[in-house]
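All remarks here apply to the structure that follows.
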Amino acid sequence: LVFIPHEQIFSFFQEHGSDLFDYALENNIIPCSPLTLFAVLAVVRKACDNFTLEKKSHEILAKIEQFKKQWLMYHKSFEDLGKKISDLSTEYDKISTTRTRQLNRSFEKLEDYS
């Protein structure tokens, strides 16, 4: 930014020195007068805010992706644990019913010999 502190000088350059303004803009130099300085600074501020917001958005999206990955791993582990508990429950039922009955029958047969 090049600040021209007098509005009339700025207007004179705009009217008679359009080549100067073109050269400045081609070289990423923005001439500002007292009236335009605030507007240009507001645009620069908004651009900085937007850049910061975009950067934070990418960080948030990356964290959401990490969370999604961890959630899927948790969900799979939880399902695996549920299957193991179900298998264990089935095995317990076998032992507590079928095996217990078979052992009781065998024990009763042994008692018959006593």
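For F38, the requirement of being at pLDDT 95 or above and part of a helix (DSSP H, G or I) is not met.
Cβ-Cβ distances below 9 Å connect the following pairs, each with a first residue in the stretch 1-22 that is among the acidic types (D, E), a second residue that is in a helix (DSSP H, G or I) and open to solvent by 80 Å² or more (accessible area, probe 1.4 Å), and a separation of six or more residues or different chains: E7/L35.
The values are calculated or read from the model by the stated rules, or taken from the named source; none is laboratory data. Everything numeric here is computed off the predicted structure, so don't read it as measured data. A quick note on method: Cβ atoms are made from the backbone with ideal geometry, for glycine too, and the neighbour counts reach across all protein chains shown. Please note that ligands, DNA and RNA were not included when accessible areas were found on the heavy atoms of the full protein model with its side chains. Shrake-Rupley method; radii C 1.70, N 1.55, O 1.52, S 1.80 Å.
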